[in-house]
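Colleague: The structure is given below, and queries will be raised subsequently.
The values are calculated or read from the model by the stated rules, or taken from the named source; none is laboratory data. Computed from a prediction, not measured in an experiment: that's the story for all the values here. Here the Cβ positions follow ideal geometry from the backbone for every residue, glycine too, while neighbour counts run over all protein chains shown.
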Amino acid sequence: MSRLRPGETCRVDFSRPLEFSFLGREMTGYAGDTVASALYGAGVRIFGRSLKYHRPRGLYSMEGESANTFMSIDGVPNECAETTELRAGMAIEPQNVRGDPGRDRFGFLDAFDRLMPAGFYYHLFHRPYALWPLFQSGLRRMAGTGVLDPGAEYRNGVRTERYLNADVAVIGGGPAGMAAALAAGESGLRVCLFERRGRLGGQMTWRVRDFEGEPLYRRAGALAARVRAAENVNVFTRSPVTGVWGENLVTGFAVGTEDDPFRECHWECRATTVVVAAGCMDRPLVFNHNDRPGVMQVGTAWRLARTYGVRPGKSVAFSVADDLGLEAAIDLDDMGVRIRFIADARESGQQGPEVFDALCDRAIPFFPGCAVSRAVGRKRVRGCVLRSLKGGRSRRFRCDLLVANAGMQPRIGILATAKARLAYCTHTHGYQPTELPPGVFVAGSMTGLRDPRSIEASGRVAGYGVAEWCGGRLKSVAGARAPAREAEALPGPGAGCGIIHAPAIGRGAKAFVDLDEDGTYKNVKESIARGLDVPELAKRFAGFGLGPGQYRVAGQNLAMIMADLRGDPVETAHPTTVRPPLGAPSLATLAGPGHDVHKRTPLHSELAGRGAVFRRAGAWQRARHFGDDPSCRDEIRNVRTNVGVLDSSPLGKFRIHGPDALNALQRVYMSDMSKARPGRCKYSAMCNDMGQLMDDGVVVAEGPGDYYFTTSSARAGDTVEWFRFHTRHDDWDYNLVNLTDVLGSLNIAGPNARRVLERLTRDNVSNQAFPYLACRRITVGDGVEARCLRLGFVGELSFELHAPASYVPYLWDLVMEAGADFGIRPFGLEAQNCLRAEKGHVIIGMESEQRVTLTDIGMGWMWDREDTVSKKVGAPALRACDRQPGRLNLVGLRVEEGAKAPRDGTLVVDGDKIVGYVCTTRSSDTLGWQYGLALVHREHAFPGRRIHLCHEEAPGQRVTSTAFVMSPHFYDPRGERLRS
Amino acid sequence: MSWLRPRRLWRPAPLERHYEFVIIGGGIHGLATAYYLARTHGIESVAVLESHYIGFGGSGRNTAIVRANQRTVENVRLYEEGLKLWPVLTDELDFNLMFFNCGTLNLGHSEAAMNGIRMLASTHNLVGVKSEVLDPQQCAEVIPGLDLSDRPAFPIHGGLYHPPGGIVRHDAVVWGLAKGASARGVHIHQGCEVQGIDTSDGRVTGVRTSLGSIGCDRLGIMAGGYGSAVAAMLGIELPIHPLTIQAMVTHPFKPFLHTAFSSGAYHVYANQTLKGEIATGAHMDPQVNYTNDATAYYLKHQAEALVELMPALRGVRFMRIWSGLADMTPDMAPIMEGELGYEGLYLDAGWGYFGFKSGPVAGKYMAQYMASGERPEILAPFRLGRFLENRYSGETAAVMKYGHWD
Amino acid sequence: MTFRLTCPVCGKRDVYEFTFGGQERGPRPEQDGLSAEEHFRWTQFRLIPNEPQEEWWYHGQGCGVWFRTTRDPGTNREVR
């Protein structure tokens, strides 16, 4: 199909044809086309079918204001044809239709609308209830439009992120936005200008009207050139804004061109101030069959011709309500598009006599005070019915395109997300801000301005306004006031058009208020009749504004129509809440490159080389086990009978020093920390205010007011916060340093641990010189000084070496070399878990939970009951619950042989009553039987008690086993191995 | 053919100077309580006061998942009865609540999570509620498109499948209950903001509202996330923090997700609505507040989590994000209490994440409690006093750091 | 709505850099004679009217200081 040659306003490069396919048919578009303009240019008129009635739908808007032109593009559903730029080779399919959208087998539904009033499904299908699931699956089949393939990964193209900081974010690259950016930039501010289209200039880019001696598009072009050249102004095109959030955080995404290194880029801009110059869009005219393919917005027809060189129609009827509509009609006529007539809903008020002269010159019939009341034609517009708004006679015209609106409405989305207070303005007949959040400014045509000079001046006023707000380098105060004076002298906001009562609306036909959800004028009436009589309730009841177009098509009209039907003044009408994100970012773009933020220990590659299977645990990646035996029998046996080594680097490691260091320790630890001694590990634990176990570890005094201590890996990140929180009122003088990442550690454990260590150091590590719970500084290998702690979490003789992280791989090599003769091997978290459980050592979160206190799990011995002076965190709770009946207690279990083995999480029952659960249970090679650690009600928590374990895998399918309660210290209960 | 003759779902009523029972909060809990007061207990003088429009708060802002797979028996029993009420109410109210019995799947992403899941399944089955432990393959059969590989930071280890769960159309519940309550004589007053509570001699005597003073004999605070602010009018301290929880929907597409799923490790729940959108959410900001603010941070965070669980979702777009209030208690279990220091004062609050699924059943028992003055047995575990005895309900295992916001 | 807090050391920063620490309730009560009920009230029970409150925040992803600020729970904004 031939294209128009619109001249300099054209964005399409006809020398670069691009092949693509629609429904498998080969078609040609051009570089610069959007998918929608290319399809329209190729003769496609029906783009898809509507959600509920399966009515044919065509190109209505150019900015994705409805889902009419949502397509599947290269298998990605719900792509907006209007805003997606055409690329060669695209495979495009329509949605919600089988085969050709011109022939859809559900099209018959349109005839049954009378049976489907607003919210009809709430009153149907539920009696008898047994049939409801059937109806429901039928309804579900009709839901949605695009088809997502759950097996696909949609990994098309690179997604990146960008985090910006600016003094001012200007939203909208039209003349007002550009003027604002220049003014702010000239004042020395750092400006980011965001424009969703590919070019700056807004609607001026397609307007050719002569203004002060040059066409508007050239005026805009000159302004754009200045903006591009401005030093402090960063211009982002193809960058729709998704929202303005608290304190002027502006977010959006940039769509890459072929020259960009990304397909899409998520960006966030923290701006001190924001200038919103988002412009206007058509307010839809609500009339019968206003959704037919061939009914479109003024801007759509205009841009098809001027921007894309596509002939919008052969014979075009205009039913508009503002001067821009008249200008568009005249311009199209000049391009050789036949204008059948122009109806203007306004009786009078058109600006300037030159418009009438222009209409006369071109012999275009003009009907003031009239509007189209009906579109004729089923699959595309073949004509229309024009009526006087005062009633009276109607007249029928033939046309193949009907350009209709009820004037313009401001794009309020961005202001609404920024939480500006908006109110209906009875002059401009749009929502205008009555109160702006701090640092937010508005400019341009969205304030109702129509004159290009006024629009630019409003931008300059905003630009100098933000400069003043930011305390920027204003050239002079007088200089800043000049634009304001200049703006006052220019024409102010133009009068808008109020509600248009198209006669006979909804009678015998559908008049759409919302296209995406097929919401009609009649549905509004029905909502009100049900008592859902405010826009927010009608939205929820009948779906107005819930589709992909959101508030854009329905928002203002719904509020106006509802006020009108209720008989309330229009200014009382509140539109439905606009919710971000405005530009519908894809999840791929929001998700970005997906970096793994989990830390690796200094020994990560050494462990990986030995076949470690890693898990994310808290902030770390840790070796769970080695090789392919998740039960870790060999790792466990090796520690019990020989020697193993564990990478314990994520262990929390801290130094606290200062005059009040001991006070702080006394506050958070349950024991009397004044007993911490040099060279000796003091084990203790921290509780929260409810007495629940938070953390445990050892504390070593290193000098006066100077301590080294360890925490569990999971708590390392919270420990500084915790100390400081619980001492925040005390004004104590201490320093707390987190050494967790600075120091690595490894734990050599097993009966042969000392023999391995002896090969690494010349220091005396004999049992006499280096007894259980001692802490020494030893020199290892070629002079690496390490703290060595003799602990026994796994229940064996063990030495934990703490050394600077960069030396730890060297220590590891030394240990592996020294241990080679013994058959040393690494063990992982699961082996450690089994080893410590056999010993009856608790892991926080495994044997403790919200319902149990320190004393409940048998660790109350460490609590210094006498101390009330330190105000230990958790002590009052422990005191209160000390002898409370009915609490859960930690016990050991010996499971009877022969029965089904319990697993972690198996319930403990007394008849049908749950009295506890098994926290950790394993079949132990060491012990020769199945042991368990369980939390059970105090009444059952005494040695020798026979209890029942219950595996209820399906209702009524119960397998029980029996166990006996015993001390949880199953292995080496007297600790001889630890001390050996 | 009643669906073709639009009639008001609920009638406007004159504001009377005195009602026997006044309920603060026109959400699901308040309307259900009013409905049962009228229906079951034959009380004729009941008013529901709503400061915005009915269903404005949490009732209209949740992701509509219903289930009975809680951690403790006390909770499971209550929610199970709640689940069984959806079909019953649909019939009673003659209003289709669109209960979609699609089942729910909670994913486990570690060995420890699977231990917890096994315990949940046993607990549910013990009291006769169906739940089963699934392996990763079975999870993918229920939820197509799950990434079972090692690629996700937290690979899928299995899940808890709970067939009785599902989705209910949340707004329909509000409107249906309003319809049923209004038909039984309950007065529903929208745009009626409570500004103060009057007491005399230790008794509640009435409320001061934006529409005038209203006397009452018994007063129920059922204001969802705003409950703590209402209680504060009487100086009543509560272990409740109102926090915003965010949710969002994608563009609609043809249903492929026929089960609601959630993941603790990724902090995500998701289901595909009757309209074809994926409704998803779960992020909670930690600071107490009464706003309905959504954040850019969370939009991104949610996308990161979702595409890791289900790579196909890279191909969809977010359409709308919003938030509502969740009134969090330290043990994630509610507070239903009639002993608050004022005779005639009742509180139904602290539902946190679970206010929607519990609405009708909570209303049923709160009505019984308020009408009789005697605490129903099933509500015994939800006393306020448990927090003064350090007896948490066990609904969550998580140990808090400082308070319920962390 | 993302908002910002004023760290006394680092200045205005995004709220997601901070940890919330609850209402200011004064120093820990003296423990001699403290009843269980008093303790559990102090730790868990709060009065949260919809009006500005003094509260604690920790700049965890910044300088690591606990500080007090006054914020309005009705708007999520700091009140100066």
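Colleague: Might you check whether a residue that is under 30 Å from A:T251 (Cβ atoms), more than 14 Å from chain A (Cβ to nearest Cβ) and in contact with a Lys or Arg (Cβ under 9 Å, 6 or more places away or on another chain) occurs anywhere in the stretch B:283-291? Give the steps one after another, and end with the answer.
Modeller: Initial filter on the stretch B:283-291 (under 30 Å from A:T251 (Cβ atoms)): B:283-291.
Applying the additional criterion that residues be more than 14 Å from chain A (Cβ to nearest Cβ) yields B:284, B:288, B:290.
Right, trim to in contact with a Lys or Arg (Cβ under 9 Å, 6 or more places away or on another chain) and you get B:288.
Yes: the stretch B:283-291 contains one or more residues that are under 30 Å from A:T251 (Cβ atoms), more than 14 Å from chain A (Cβ to nearest Cβ) and in contact with a Lys or Arg (Cβ under 9 Å, 6 or more places away or on another chain).
Colleague: Further question: Quick check on the stretch A:207-229. Is at least one of its residues touching a helix residue (DSSP H, G or I) at 6+ places or on another chain (Cβ under 9 Å), within 16 Å of A:G177 (Cβ to Cβ) and in a strand (DSSP E or B)?
Modeller: no
Residue by residue, here is whether (1) more than 30 Å from the chain's Cα centre (by Cα); (2) buried (at least 24 other Cβ atoms within 10 Å of the Cβ); (3) not hydroxyl-bearing (S, T, Y) holds:
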{"residue": "A:S605", "(1), (2), (3)": "yes, no, no"}
{"residue": "A:G611", "(1), (2), (3)": "yes, no, yes"}
{"residue": "A:F614", "(1), (2), (3)": "no, no, yes"}
{"residue": "A:D628", "(1), (2), (3)": "yes, no, yes"}
{"residue": "A:C632", "(1), (2), (3)": "yes, yes, yes"}
{"residue": "A:I636", "(1), (2), (3)": "yes, yes, yes"}
{"residue": "A:V643", "(1), (2), (3)": "yes, yes, yes"}
{"residue": "A:S649", "(1), (2), (3)": "yes, yes, no"}
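Colleague: Would you check which residues across the stretch A:581-608 are in a helix (DSSP H, G or I) and at the interface with another protein chain (Cβ under 9 Å from one of its Cβ atoms) and list them?
Modeller: Across the stretch A:581-608, the qualifying residues are A:L587, A:A588, A:T589, A:L590, A:A591.
Colleague: For the stretch C:14-23, which residues satisfy the criterion of being at the interface with chain A (Cβ under 9 Å from one of its Cβ atoms) and either among the acidic types (D, E) or in a loop (DSSP other than H, G, I, E, B) (or both)?
Modeller: Answer for the stretch C:14-23, where residues must be at the interface with chain A (Cβ under 9 Å from one of its Cβ atoms) and either among the acidic types (D, E) or in a loop (DSSP other than H, G, I, E, B) (or both): just C:D14.
Colleague: Hey, could you check the stretch B:34-91 for residues that are free of Cβ contacts under 8 Å to residues at least 40 places away in the same chain and within 13 Å of chain A (Cβ to nearest Cβ) and say which is surrounded by the fewest Cβ atoms within 10 Å (Cβ to Cβ)?
Modeller: Filtering first and then ranking leaves B:V88.
Colleague: Continuing with this model, one more query. For the stretch A:201-246, give me each residue that is touching a Phe, Trp or Tyr at 6+ places or on another chain (Cβ under 8 Å) and either of a type outside the set (K, R) or without any contact (Cβ under 8 Å) to a residue 60 or more places away in the chain (or both).
Modeller: Hits for the stretch A:201-246 are A:G201, A:M204, A:T205, A:W206, A:V208, A:Y217, A:F236, A:S239, A:P240, A:V241, A:T242, A:G246.
Colleague: Six or more apart or on different chains, Cβ atoms under 6 Å: show the pairs whose first residue is in the stretch A:77-93 and within 13 Å of chain B (Cβ to nearest Cβ) and whose second is surrounded by fewer than 19 Cβ atoms within 10 Å (Cβ to Cβ).
Modeller: Close Cβ pairs satisfying both conditions: A:P77/A:V147.
Colleague: Considering only residues that are in contact (Cβ under 8 Å) with a residue 24 or more places away in the chain and part of a loop (DSSP other than H, G, I, E, B), look in the stretch A:946-972 and name the one that is surrounded by the most Cβ atoms within 10 Å (Cβ to Cβ).
Modeller: Out of the qualifying residues, it is A:P968.
Colleague: So, B:M336, is that one part of a helix (DSSP H, G or I), at pLDDT 95 or above and buried (at least 23 other Cβ atoms within 10 Å of the Cβ) or not?
Modeller: So B:M336 fails the test.
Colleague: Within the stretch B:390-401, is there a residue that is modelled with pLDDT of 95 or more and either within 19 Å of the chain's Cα centre (by Cα) or more than 11 Å from every other protein chain (Cβ to nearest Cβ) (or both)?
Modeller: Scanning the stretch B:390-401, I find no residue that is modelled with pLDDT of 95 or more and either within 19 Å of the chain's Cα centre (by Cα) or more than 11 Å from every other protein chain (Cβ to nearest Cβ) (or both), so the answer is no.
Colleague: Any residue in the stretch B:306-318 that's more than 7 Å from chain A (Cβ to nearest Cβ) and in contact (Cβ under 8 Å) with a residue 24 or more places away in the chain: show its pairings with residues that are crowded, with 24+ Cβ neighbours inside 10 Å and of a type outside the set (A, V, I, L, M, F, W, C) at Cβ separation under 8 Å, as long as the two are six or more apart or on different chains.
Modeller: Matching pairs, first to second residue: B:L309/B:S263.
Colleague: Name the residue that is surrounded by the most Cβ atoms within 10 Å (Cβ to Cβ), counting only residues in the stretch A:135-150 that are polar (S, T, N, Q) and free of Cβ contacts under 8 Å to residues at least 12 places away in the same chain. Break it down into steps so the answer makes sense when it comes.
Modeller: Taking the stretch A:135-150 first, the residues polar (S, T, N, Q) are A:136-137, A:145.
Among the residues that remain, those that are also free of Cβ contacts under 8 Å to residues at least 12 places away in the same chain are: A:136-137.
Values: A:Q136: 20, A:S137: 12.
Within the stretch A:135-150, the match that is surrounded by the most Cβ atoms within 10 Å (Cβ to Cβ) is A:Q136.
Colleague: Kindly indicate whether any position in the stretch A:295-303 is surrounded by fewer than 24 Cβ atoms within 10 Å (Cβ to Cβ), modelled with pLDDT of 95 or more and assigned to a loop (DSSP other than H, G, I, E, B).
Modeller: no
Colleague: Taking the stretch B:282-300, which residues are in contact (Cβ under 8 Å) with a residue 24 or more places away in the chain and part of a helix (DSSP H, G or I)?
Modeller: If we filter the stretch B:282-300 for residues that are in contact (Cβ under 8 Å) with a residue 24 or more places away in the chain, which is where we start, we get B:282-295, B:298-299.
B:Y298, B:L299, listed by residue number.
Colleague: When the residues of the stretch A:874-890 are filtered to those that are crowded, with 21+ Cβ neighbours inside 10 Å and assigned to a helix (DSSP H, G or I), which remaining residue is farthest from the other protein chains (Cβ to nearest Cβ)?
Modeller: A:L878
Colleague: Tell me, which residue of the stretch A:115-134 that is more than 7 Å from chain B (Cβ to nearest Cβ) and buried (at least 16 other Cβ atoms within 10 Å of the Cβ) is farthest from A:N232 (Cα to Cα)?
Modeller: So, considering only residues that are more than 7 Å from chain B (Cβ to nearest Cβ) and buried (at least 16 other Cβ atoms within 10 Å of the Cβ), the one farthest from A:N232 (Cα to Cα) is A:W132.
Colleague: Taking the options B:L134, B:L126, name whichever one is under 20 Å from B:A68 (Cα atoms), touching an Asp or Glu at 6+ places or on another chain (Cβ under 6 Å) and in contact (Cβ under 8 Å) with a residue 24 or more places away in the chain.
Modeller: Going through B:L134, B:L126 in turn, the sole match is B:L126.
Colleague: Take A:I364 and tell me if it is assigned to a loop (DSSP other than H, G, I, E, B), in contact with a helix residue (DSSP H, G or I) (Cβ under 7 Å, 6 or more places away or on another chain) and closer than 16 Å to A:F397 by Cα.
Modeller: yes
Colleague: Scanning for something in contact with a helix residue (DSSP H, G or I) (Cβ under 6 Å, 6 or more places away or on another chain) and under 26 Å from C:Q31 (Cβ atoms), does the stretch A:812-823 turn up at least one residue?
Modeller: Within the stretch A:812-823, none of the residues are in contact with a helix residue (DSSP H, G or I) (Cβ under 6 Å, 6 or more places away or on another chain) and under 26 Å from C:Q31 (Cβ atoms).
Colleague: Sort out which residues of the stretch A:809-840 are surrounded by 20 or more Cβ atoms within 10 Å (Cβ to Cβ), of a type in the set (F, W, Y) and in a helix (DSSP H, G or I), and write them in order of number.
Modeller: A:W812
Colleague: If a residue has to be in contact (Cβ under 8 Å) with a residue 12 or more places away in the chain, facing chain A (nearest Cβ under 10 Å) and not in a loop (DSSP other than H, G, I, E, B) to count, how many in the stretch C:28-77 make the cut?
Modeller: The total comes to 7.
Colleague: In this structure, is A:K390 surrounded by fewer than 19 Cβ atoms within 10 Å (Cβ to Cβ), out of contact with any helix residue (DSSP H, G or I) (no Cβ under 9 Å at 6 or more places or on another chain) and under 21 Å from A:G496 (Cβ atoms)? Steps first, answer last, please.
Modeller: Working: surrounded by fewer than 19 Cβ atoms within 10 Å (Cβ to Cβ): yes; out of contact with any helix residue (DSSP H, G or I) (no Cβ under 9 Å at 6 or more places or on another chain): yes; under 21 Å from A:G496 (Cβ atoms): yes.
Judged against the criteria, A:K390 is a match.
Colleague: Moving on. Enumerate the strands (runs of 3 or more DSSP E) found wholly within the stretch B:99-188, keeping only those where 2 or more residues are of a type outside the set (A, V, I, L, M, F, W, C).
Modeller: Filter on the stretch B:99-188 gives B:104-108, B:158-162.
Colleague: Suppose we keep only residues that are more than 7 Å from every other protein chain (Cβ to nearest Cβ) and assigned to a loop (DSSP other than H, G, I, E, B) within the stretch A:237-252. Which one would you say is surrounded by the fewest Cβ atoms within 10 Å (Cβ to Cβ)?
Modeller: A:T237
Colleague: Among the residues that make up the stretch B:321-332, is at least one of them part of a loop (DSSP other than H, G, I, E, B), hydroxyl-bearing (S, T, Y) and either within 16 Å of the chain's Cα centre (by Cα) or at the interface with another protein chain (Cβ under 8 Å from one of its Cβ atoms) (or both)?
Modeller: Checked against the condition, which is being part of a loop (DSSP other than H, G, I, E, B), hydroxyl-bearing (S, T, Y) and either within 16 Å of the chain's Cα centre (by Cα) or at the interface with another protein chain (Cβ under 8 Å from one of its Cβ atoms) (or both), the stretch B:321-332 yields at least one hit.
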